[in-house]
Amino acid sequence: MNKELITAFIDNEIRDDSLKEEIRHLIDTDKEYWFEYQVQLLVKRIAKEKYKKSSAPGHLKIRILNQIAPDQKIYEPHKETSIWAGLFSKPAFSFATAILIVVSIVLILFNRTPQQPPEISEEQLTPDNMFYQAENNFKAIVQGKLSPQLLTGDPEKIKSFFESSGVKYSALVPTFAEWSLIGAVVSEDKEEKFAHHVYAGKKGEIVYVFQVDESYLKSREIISLNDNLLQYLEQGNCFVKTEKDKVLLFKKINHNICVVVSNAPVQEVQNNFCNI
Amino acid sequence: MFFPFTFNFTIVTADKNQRQLYEDFEREAIPHLDALYNFALIMTRDTDDADDLVQETYLRAFRFFDKFERGTNCKAWLFRIMKNTFINKYRKETKEPDKIDYEEVKNFYENEKPSSTESAHLEKDIYDNLLDDELSEAINSFPEDFKTVVLLCDIEGFTYEEIADFIDVPVGTVRSRLYRARKMLFTKLQKYAAERGLIRRDGTGYE
């Protein structure tokens with residue numbers, strides 16, 4: 001009998017029961033067949049257990065998902081527009097209202113003293129600093145070392161994931177026209193859980209968002225943020241720092257301090273997050 | 001809020017079917033990304049080309065995903081798409097695989113008879129002590145035809161029929177190549193084991 005049939009026998013590729021029986025008998029009674037059987041079986045097991053597969057880089061998964069994601073984020077005006085918008089539809093008011101609003105804006109702009117954004121020094125960036133952590137996490141994502149624990153484009157699924165994973169605060173997961181939601185990660189520090197999520201742009205840009213409830217930053221027990229920066233954000237400002245290959249943006253949204261790190265164009269990041 | 005009024009926006013989701021297709025694809029096809037990438041790397045021998053090949057494979061697969069028969073082997077389907085993509089686009093540009101003299105291989109490994117091998121050689125514990133790198137290096141050093149069948153059968157778990165379909169040969173050829181490839185691998189593993197002092201160089205095992 002052809003010894004190659006032993007290979008097929010091991011791989012469960014023999015359909016004929018009588019042939020199977022014949023091979024089994026040969027293995028039990030013939031030393032040569034027994035040897036062939038042992039060699040084939042051993043090698044198959046060792047190969048399966050020990051072969052080192054190369055893993056796809058993290059950016060590849062993001063790039064693929066981003067390219068196939070349906071364009072679900074088309075913004076269009078809500079049918080129930082606000083009372084202010086309604087004023088424009090009434091011809092008697094439209095021109096006067098528009099003038100009034102423009103004048104008001106100009107007055108506000110002129111009377112407003114823009115606050116200077118704080119300086120962040122390298123010494124302040126200790127490992128428990130949110131700024132420092134966000135930069136490092138972003139680096140890990142880009143290098144493919146940190147992959148989403150949950151892969152989804154559904155913001156509700158991400159919120160549920162945060163909640164079920166033990167994140168104690170309500171996290172904001174907005175959607176944007178330019179970027180697709182990719183997934184989320186929950187990190188843990190001193191038994192407290194923190195929410196992170198990631199978007200990807202059409203050209204493979206990564207937008208990483210890390211948000212914590214401001215109470216964590218105020219207590220400083222687990223995570224900290226520079227006092228002047230925190231104060232700047234408390235006043236409703238958006239802090240933007242551009243670096244050679246990325247932009248960092250801080251913004252307080254509801255009760256959360258959010259940091260966004262991205263290699264997407266700075267204007268795009270700013271437009272999307274500073275206006276939330 | 002800076003402006004005295006805000007525009008209200010609403011998010012309009014894509015066509016429900018399209019969304020469902022995307023979710024199904026994400027669930028069924030994306031988990032095979034590592035397997036495809038690993039094999040793409042073997043086919044292209046270049047990380048950038050492997051990236052491009054896998055990306056293109058997934059884009060094509062998504063385009064035809066509505067035609068994919070649910071419940072059948074998605075991994076095999078993706079591998080087939082990858083093979084066609086590779087043939088159409090990359091094969092022309094990459095080096096042709098080495099031609100193999102099958103008779104030579106056969107004659108060499110047929111010499112591995114039970115009389116020359118102690119039973120101790122067949123104990124899995126001996127080979128468990130080998131490094132993963134050694135095993136991977138041994139497989140990767142095989143001629144392409146042999147490497148392919150071992151990877152697809154023993155590592156990826158494809159059936160002979162799926163492999164035959166992938167490499168365009170009869171099922172009998174798959175079986176034959178596998179038989180020889182495993183014997184080749186056994187010889188290599190013995191060599192590594194001897195180098196590490198796990199078995200004697202003369203082919204006999206330690207007590």
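Numbers for the structure displayed
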| quantity | calculated |
| --- | --- |
| Theoretical FRET efficiency, 1/(1+(r/R0)^6), r = Cβ-Cβ of A:Glu163 and A:Asn275, R0 35 Å, to 0.05 | 0.85 |
| Extent along principal axes [Cα atoms of region B:16-90; Å; largest to smallest] | 39, 18, 17 |
| Which listed pairs, of A:Lys218/A:Lys252; A:Lys48/B:Lys183; A:Lys193/A:Lys218; A:Lys190/A:Lys252; A:Lys168/A:Lys218, have C-alpha distances above 21 Å, in listed order | A:Lys190/A:Lys252 |
| 26 Å tail of the calculated P(r), region A:128-276, as % of Cα pairs | 16 percent |
| Computed lengthening from A:Thr126 to A:His255, 0.36 nm per intervening residue step minus Cα-Cα distance | 44.1 nm |
| Cut-off under 5 Å, modelled amide H: who pairs with A:Val186 long-range | A:Gln149 |
| Rough spin-label spacing in nm, given labels placed 7 Å along Cα→Cβ, for B:Lys89 and A:Gln67 | 0.6 nm |
| Dipole in debye (nearest 20) - region A:121-274, about Cα centre, beta carbon charges: Lys, Arg +1; Asp, Glu -1 | 360 debye |
| Loop-located GluC sites (Glu not before Pro) in region A:152-227 whose Cβ has at most 13 other Cβ within 10 Å (DSSP) | A:Glu191, A:Glu221 |
| Unsatisfied cross-links (Cα-Cα over 21 Å) in the set A:Lys20/A:Lys52; A:Lys202/B:Lys89; A:Lys61/B:Lys75; A:Lys53/B:Lys67 | A:Lys20/A:Lys52; A:Lys202/B:Lys89; A:Lys53/B:Lys67 |
| Table column - 3J(HN,Hα) (Hz), region B:163-176, Karplus curve with 6.51, -1.76, 1.60, x for Gly and Pro | 5, 4, 5, 5, 9, 6, 9, x, 4, x, 5, 4, 4, 5 |
| Amide proton proximity set for A:Ile206, modelled H, under 5 Å, gap of 5+ | A:Gly201, A:Asn263, A:Ala264 |
| Normalised contact order of region B:16-90, rounded percent, pairs of Cα under 8 Å and 6 or more residues apart | 36 percent |
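Every number here is computed from the coordinates shown, using simple stated rules; none is lab data. Computed from a prediction, not measured in an experiment: that's the story for all the values here. Reconstructed Cβ throughout: ideal geometry from the backbone, glycine too, with neighbour counts over all protein chains shown.
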